[in-house]
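J.: The structure that follows is given in the form of structure tokens.
The values are calculated or read from the model by the stated rules, or taken from the named source; none is laboratory data. Keep in mind it's a predicted model, so treat the numbers as computed, not measured. Glycine gets a Cβ as well: all are built from the backbone with ideal geometry, and neighbour counts include every protein chain shown. SASA here: full protein model, heavy atoms, side chains in, ligands and nucleic acids out. Shrake-Rupley method; radii C 1.70, N 1.55, O 1.52, S 1.80 Å.
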Amino acid sequence: VLYTILIVLIIIYGFKAYQNYPSYKNSILPTLFPNYLEFFWRMFIRKDASNSSYLNKSIGNHKLSFATIENRQHQVTSKFVLFFYNKGITIVEYLDYPGTYSGNDEDRSWMIKNNNKKIRITNPIHELQTYKNRIQKMLDDVQISSVIAVTDDSEIDKIQTQTLCCKYTDVITTLNNIQCDHNLNEDEIQNMFDSFNQKRSCLLYTSDAAD
């Protein structure tokens, strides 16, 4: 009986791993979890993807949190991964539309050109700044930085913004290059992460973006 149950579980989780691999591969996740099996184990079996063995080596002690914002039509308009590490909190808004990006801080929308197609997206800086401000009110004594990250096959030379922008493969370097006044130790990182989780219900809101 136990053998049968084990076989069934292997089949179920094997199929689930196969189903979720494309969404993993075409996202920022391989930058955080280069080993898909580790990601799958942490996200879908342990139900806790707040730590990565790869990031332990590349940025040190850390915690991760993932978030999305939806519009009134329940469409996802923004995707974030939050890094809690020795330099405070860094919010990375990741954009998974490949192409050449153009826009600035004040534009209502940004343009993405991919071959002969042009796509408009809501200016990601606006929701990134809103999200950052809400977290800053919750944790007013923590340094919070923000980054826009795009796919590795995208171009960002035409983006004019004060916000840090990089490609997925440069996220780790960008995190390590952020300046801070005080490096946090492991206990301070854990306390910051716990405090965030206790208050994160205050972050729930709906985007006004129509697209």
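J.: Can you tell me which residue is most open to solvent (accessible area, probe 1.4 Å) among those in the stretch 75-94 that are over 16 Å from residue 195 (Cα atoms) and polar (S, T, N, Q)?
T.: The selected residue is 75.
J.: Let me ask another. Give the number of residues within the stretch 156-179 that are in a loop (DSSP other than H, G, I, E, B) and surrounded by 13 or more Cβ atoms within 10 Å (Cβ to Cβ).
T.: Of the residues in that region, 3 qualify.
J.: Filtering the stretch 131-152 down to residues that are within 21 Å of residue 29 (Cβ to Cβ), of a type outside the set (A, V, I, L, M) and modelled with pLDDT of 95 or more, which residue is most open to solvent (accessible area, probe 1.4 Å)?
T.: Selected residue: 152.
J.: Need pairs with beta-carbon distance below 8 Å; first residue farther than 28 Å from residue 138 by Cβ and in contact (Cβ under 8 Å) with a residue 24 or more places away in the chain and within the stretch 89-108, second part of a loop (DSSP other than H, G, I, E, B) and open to solvent by less than 30 Å² (accessible area, probe 1.4 Å); sequence gap 6+ or separate chains.
T.: Note: pairs meeting the criteria are 97/151; 97/154; 98/151; 98/154; 99/154; 100/154; 101/154; 103/123.
J.: For residue 72, are the conditions met, namely being farther than 14 Å from residue 194 by Cα and without any contact (Cβ under 8 Å) to a residue 12 or more places away in the chain?
T.: It is false that residue 72 is farther than 14 Å from residue 194 by Cα and without any contact (Cβ under 8 Å) to a residue 12 or more places away in the chain.
J.: Return the only residue of 134, 120 being under 26 Å from residue 70 (Cβ atoms), not polar (S, T, N, Q) and not in a strand (DSSP E or B).
T.: 134
J.: Go through the residues of the stretch 95-107 one by one and say whether even a single one is open to solvent by 60 Å² or more (accessible area, probe 1.4 Å) and either out of contact with any Cys (no Cβ under 8 Å at 6 or more places or on another chain) or not in a loop (DSSP other than H, G, I, E, B) (or both).
T.: Scanning the stretch 95-107, I find at least one residue that is open to solvent by 60 Å² or more (accessible area, probe 1.4 Å) and either out of contact with any Cys (no Cβ under 8 Å at 6 or more places or on another chain) or not in a loop (DSSP other than H, G, I, E, B) (or both), so the answer is yes.
J.: Among the residues of the stretch 34-49, count how many are in a loop (DSSP other than H, G, I, E, B) and either of a type in the set (Val, Ile, Thr) or loosely packed, with under 15 Cβ neighbours inside 10 Å (or both).
T.: Total meeting the criteria: 5.
J.: In the stretch 165-188, which residues are of a type in the set (D, E, K, R), more than 22 Å from residue 125 (Cβ to Cβ) and without any contact (Cβ under 8 Å) to a residue 60 or more places away in the chain?
T.: 181, 187, 188 - these are the residues of the stretch 165-188 that are of a type in the set (D, E, K, R), more than 22 Å from residue 125 (Cβ to Cβ) and without any contact (Cβ under 8 Å) to a residue 60 or more places away in the chain.
J.: For the stretch 51-110, name all the residues that are more than 17 Å from the chain's Cα centre (by Cα) and not polar (S, T, N, Q).
T.: Of everything in the stretch 51-110, those that are more than 17 Å from the chain's Cα centre (by Cα) and not polar (S, T, N, Q) turn out to be 57, 60, 72, 74, 99, 101, 103, 105, 106, 107, 108, 110.
J.: Which of (1) within 29 Å of residue 25 (Cβ to Cβ); (2) among the polar types (S, T, N, Q); (3) touching a strand residue (DSSP E or B) at 6+ places or on another chain (Cβ under 6 Å); (4) surrounded by fewer than 19 Cβ atoms within 10 Å (Cβ to Cβ) is the odd one out, the single condition residue 123 does not satisfy?
T.: Among (1) within 29 Å of residue 25 (Cβ to Cβ); (2) among the polar types (S, T, N, Q); (3) touching a strand residue (DSSP E or B) at 6+ places or on another chain (Cβ under 6 Å); (4) surrounded by fewer than 19 Cβ atoms within 10 Å (Cβ to Cβ), the lone unmet condition for residue 123 is (4).
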